[in-house]
Amino acid sequence: MDWVEREKKRILQTYSRQKLVIERGEGCYVYDVNGKRYLDLVSGIASVSIGHCNRQLVNRLKEQLEKLIHVSNLYYTTPQIELAERLHEITGMDKFFFCNSGTEAVEAALKFARRATGRKKFVSFTGDFHGRTMGSLSVTHKEKFRKPFEPLISPVEFAEFNSIEDLEKKVDDETAAVIVELIQGEAGVYPAEKEFVRALNDLREEHGFLLIVDEVQTGFGRTGKWFAKEIYELEPDMMTMAKAMGSGVPIGCCALREEVAEKIQAGDHGSTFGGNPLACTAALATIEVIEKENLVENSAKVGRHFKKLLDEHFENVRGFGLMIGFDVDDAPAFVQNCLERGVIVNNTSEKTIRLVPPLIITKEEVEKAVELMKSTSAK
Ligand SMILES: Cc1ncc(COP(=O)(O)O)c(C=O)c1O
């Protein structure tokens, strides 16, 4: 029996996977069980930003593995405190709650919003994706994901993404928080308009709700800035992060402004593994590599070049930095054709391709990728 059949027999069938069994990775490349090499333009869904098995990350993890793996949050551990200090420097946020994934970061933010404001209502946007657990799912728009699991938490309203008029109708003095993806990732890389974000910021002033910016996908250099909030010159009340934070090692975080943090009390939330020494060491090493190798700048520079090349051949090319979307007639066939040519890409719908490669990717590698993508029949 091969791996695909074995998976089918014993793994719950919640995923539609590509027929590719990956055994190892190095830099921007992964290798399947037969030794075939692929250029990875997905990087574990915008996660392995410093490249597969980065040596500095591996060495730091090995050192930490020998020292301490886990003790829980009943005690203090030094990597967690160091990480919070580094995050303060790169995000400008004041306090940090650690967890293990993006959806957990969103769950935390929703709880903190209710706790800090004493209000109940959330507003999210059409097309937004915030995760699959009950709270995050409640602010995720896609009907297909939500419907079978209702009733979800309420009240939640969805305003039309990029419509100031609709947003004005949906927020009020009862709104605890508005949660937003500044660049919608799972929907297919759709950026918010600057004017819309300015209006959202003004409405926060008017109604006193909290603004949660979900940077799970956009964070840690993905968009050519450390965080997408910098593109929009926005100072959120809370910010969620995960994915690239540990460059593949699971870790998530909800960051808070001091005024919100002050309202949260001991016992309000918790996690056994959240912020454990191994995960925090991975995040510390990731931040160090991003800084040392100027990967935020590389994301901006190579991303611009990538978009320009794609624009010559594909429709509706969009995005920031190395978070790029474009449209094709038959996205599943396009993904398959690319795979056969040794390039891993991802489709977020029947028509949309999303590219989120490691931030270490070079101009030469994106040129090669575009050549291979162009040679597929599906335009
Ligand atoms: C913006 C955003 N928020 C939250 C999540 C959920 O993250 P996770 O899959 O780690 O739970 C995702 C995942 O794709 C995401 O893109």
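Things worth noting here:
- Here the chain is treated as a sphere whose radius is the Kirkwood value from Cα pairs; by Stokes-Einstein at 37 °C and 0.692 mPa s it diffuses with a coefficient of 154 µm²/s.
- Vicinal HN-Hα couplings computed from phi for region 313-330 (Karplus, 6.51 cos²θ - 1.76 cosθ + 1.60; Hz; Gly/Pro x): 10, 10, 8, 6, 6, 8, x, 10, x, 9, 10, 10, x, 7, 10, 9, 5, 9
- Among LEU152, LEU20, LEU12: highest mean-square fluctuation, GNM of the chain, C-alpha pairs under 10 Å: LEU12
- Residue-wise HN-Hα couplings along region 56-65, as the Karplus relation 6.51 cos²θ - 1.76 cosθ + 1.60 with θ = phi - 60° gives them from phi, are 5, 5, 4, 5, 5, 5, 4, 4, 5, 4 Hz; Gly and Pro carry x.
- Lys, Arg +1 and Asp, Glu -1 on Cβ, resulting dipole of the chain about Cα centre, debye, nearest 20: 1280
- Residues whose amide H falls under 5 Å from that of GLY252, counting only those 5 or more places apart or on a different chain, are CYS99, ASN100, SER101, GLY275, with hydrogens built in the peptide plane.
- Selection from VAL33, PRO236, PHE98, by position along the positive dipole direction of the chain (Cβ): VAL33
- With all pairs of different C-alpha atoms in the average, the Kirkwood value for the hydrodynamic radius of region 40-161 is 17.5 Å.
- Exceeding the 22 Å Cα-Cα cut-off - candidates LYS142/LYS307; LYS95/LYS263; LYS9/LYS144: LYS142/LYS307; LYS9/LYS144
- Candidates VAL30, VAL216, VAL106, ranked by Gaussian network fluctuation over the chain, Cα under 10 Å, top entry: VAL30
- Amide N proximity, region 234-277 versus ARG198 label position 7 Å along Cα-to-Cβ, cut-off under 13 Å: 234
- For region 55-292, DSSP calls about 45 percent of its internal beta bridges antiparallel.
- Top of SER49, SER16, SER72 by mean-square fluctuation, Gaussian network on the chain, Cα under 10 Å: SER16
- Over the C-alpha atoms of region 146-242, the Rg to Rh ratio, Rh being the Kirkwood estimate, stands at 0.96.
- Taking 0.36 nm per residue of sequence separation and removing the Cα-Cα distance, the GLU66/LYS142 pair yields an extension gain of 23.0 nm.
- For region 44-96 versus region 120-193, the spacing of their alpha-carbon centroids is 30 Å.
- Cα Rg, Dmax, region 256-379, angstrom units: 19.4, 58
Read the figures in this text as sums done on the coordinates, not as results from a lab. Fair warning: this is a prediction, and the values are worked out from it, not measured in the lab. Because the Cβ atoms are built from the backbone with ideal geometry, glycine has one as well, and the counts that use them run over all protein chains shown.
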